[in-house]
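Worksheet for the structure shown next.
The values are calculated or read from the model by the stated rules, or taken from the named source; none is laboratory data. Since the model is a prediction, treat every value here as computed from it, not as a measurement. Note: ideal-geometry Cβ built from the backbone for every residue, glycine included; neighbour counts use all protein chains shown.
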Amino acid sequence: MPELDINASADEVARLFNQGQAREAAMRLDALRQDQSLLVQEALDRSVASRAAERIDALQRPGGLPATDASTVGPVITRLEAARNAPRFPGAEETRDLSQAQQHDIYASIVETRGDDAAHQALATQDRVIVGLRNENRTTQGTDSQTGDTNSRGTGVYDDRIVVLWRASDGTRHAREFNDVTTEPTAQYDGHAKTTPRSQGYEQVNAKAKTEGEDVNRDGVRDLGRMAEGTTEMGRATHPRRGHPDEFALRPTDAAMANGSRRVERDSNGDGWFDARDTQGVQDLNNTFKIHRGSGRNTDSAGCQTIGGNDYDTFVSTVRGTPGQDRWQYVLTSVAPTQTLRQNQERENFQPGTTPDPRAPGHPDHGLQQQISGHLTALGGHYAQNAGSYSLALLYEAKANGMTRVDNLVPSNATGTQAEGTRIFLVQGQDNDPAALRVASETATIAATPVETSLQRLHQQQQTAIETQGQQQQQQQQQQQQQPAIGGR
């Protein structure tokens, strides 16, 4: 099968939408997506959602979609609306064998839906554009250099990704991934690791002598910060390197700072997370947030984006590959949780009234659902008004990530590019417990998930768990039967 040109295909479908041919556009999009990988399907949806945004918005207004097209076009419009949300984090194996053109188009589609006009314009030129994908981590996390296991020493985790995109002079499209990356600070630089006694949750942190951050809530402890997601113009800078001369780095330009209102998040309550519980937790951008080298055993980040030392030289040569470029658009986005809810999937076999409902007493998940519903009610507003339906979608996410209870629900910060509560975090454990489990969900996705979809997914989730448990028991029995008998005469 010939490789799909994602860019050209998105142009074709968007053109149909923009010409008022919604039915033809929806049918063509579904035909193009058929037999493609999930990664290609997602990218195609994102690019179409961006290039036909005004028309798609119009179709969602009351009376915007003719009744005769509702069954054909409606599900596609719902899917395209969801495509604007935070993207899924692609596995390395998903992109490894793709052509350069497809790799470029996949990450360019993220720029289209998550970047600003300057980033969109840069994509159309030979300028290098930088994409950052962020997995939420606690600042107290670290990684054992021998085993790779996560610990609480605050040295950071390389589990984010930076990608450089560009068009060559002949028009060919290119992308280069860097996977030893962090976009978040580490507690080794946090003032909470240096109090006497140490703040709760920081007992095991390998604290550095240098303390970074600002005391934004005036409690006498400096608070670490990170760049909020959005587009930041970066310019040339330098950064010190031990035993070597200062080397090339990137930092926000003066123009970025002038337009950087509410573009920094700070962990003012010292729980290692960045969310709406942090008093004065959102500040304006400054130029200390760089992209620079990290070391092998330590991300060396006090709020910067750092790239593992073995990859940094390649990053520098890649990002500087266009002669004369001295400004780079950096598009940073959070990613959707691993267990991303899919809209309008697995619904054809659903029969209303036949699927057990966790909201009913006696259901094995009723207690967990009630915990979630109670926290939603306590948040008030649309969370409380929709606690019944939201709790089912969040219950699925909680179970998919191994949660057995939910002790809190916390909205994300309001930043310069995101409203408060764009994401919502499920928390199992106490705020300052290093072992606390935290799961992020896209609020728009949760809100758009129909009750019947959540019920079906929960039922299938439970059936899969039962089947897995049965298979494990069968394997254990077989192993016991195969063991040699021990006895005597």
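Provide a single number: the residues in the stretch 91-120 that are crowded, with 24+ Cβ neighbours inside 10 Å and at pLDDT below 95.
Residues that pass the stated criteria total 0.
State whether one or more residues within the stretch 255-270 are surrounded by fewer than 20 Cβ atoms within 10 Å (Cβ to Cβ), farther than 30 Å from Gln430 by Cβ and touching a strand residue (DSSP E or B) at 6+ places or on another chain (Cβ under 6 Å).
Checked the stretch 255-270: at least one residue is surrounded by fewer than 20 Cβ atoms within 10 Å (Cβ to Cβ), farther than 30 Å from Gln430 by Cβ and touching a strand residue (DSSP E or B) at 6+ places or on another chain (Cβ under 6 Å).
Working only within the stretch 272-313, note down all residues that are over 25 Å from Val427 (Cβ atoms) and in a strand (DSSP E or B).
Within the stretch 272-313, Ile291, His292, Arg293, Gly294, Gln305, Thr306, Ile307, Gly308 meet the criteria.
Can you name the residue in the stretch 60-79 that is surrounded by 13 or more Cβ atoms within 10 Å (Cβ to Cβ) and without any contact (Cβ under 8 Å) to a residue 40 or more places away in the chain and, of all such residues, is farthest from Gln102 (Cα to Cα)?
Gly64
Looking only at the stretch 245-253, decide whether some residue is out of contact with any helix residue (DSSP H, G or I) (no Cβ under 9 Å at 6 or more places or on another chain), buried (at least 23 other Cβ atoms within 10 Å of the Cβ) and modelled with pLDDT of 95 or more.
yes
Picking from Leu16, Leu38, which residue would you name as being crowded, with 17+ Cβ neighbours inside 10 Å and at pLDDT 95 or above?
Leu16
Looking at the stretch 1-26, I want the residues that are free of Cβ contacts under 8 Å to residues at least 60 places away in the same chain and have a partner that is assigned to a loop (DSSP other than H, G, I, E, B) with Cβ atoms under 6 Å, at least 6 apart or on another chain. Which pairs are those?
Pairs that qualify, where the first residue is free of Cβ contacts under 8 Å to residues at least 60 places away in the same chain and the partner is assigned to a loop (DSSP other than H, G, I, E, B), are Ala14/Ala52; Phe17/Ala52; Asn18/Ala52.
Here is a check on your reading of the model: is Asp45 at pLDDT below 95, out of contact with any Pro (no Cβ under 9 Å at 6 or more places or on another chain) and in a helix (DSSP H, G or I)?
Taking the combined requirement at face value, the residue does not satisfy it.
From the list Thr143, Thr139, Thr155, which one is on the phi < 0 side of the Ramachandran plot, surrounded by fewer than 23 Cβ atoms within 10 Å (Cβ to Cβ) and either modelled with pLDDT of 95 or more or not acidic (Asp, Glu) (or both)?
On the way: Thr139 fails: surrounded by fewer than 23 Cβ atoms within 10 Å (Cβ to Cβ); Thr155 fails: surrounded by fewer than 23 Cβ atoms within 10 Å (Cβ to Cβ).
Of the residues listed, the single one that is on the phi < 0 side of the Ramachandran plot, surrounded by fewer than 23 Cβ atoms within 10 Å (Cβ to Cβ) and either modelled with pLDDT of 95 or more or not acidic (Asp, Glu) (or both) is Thr143.
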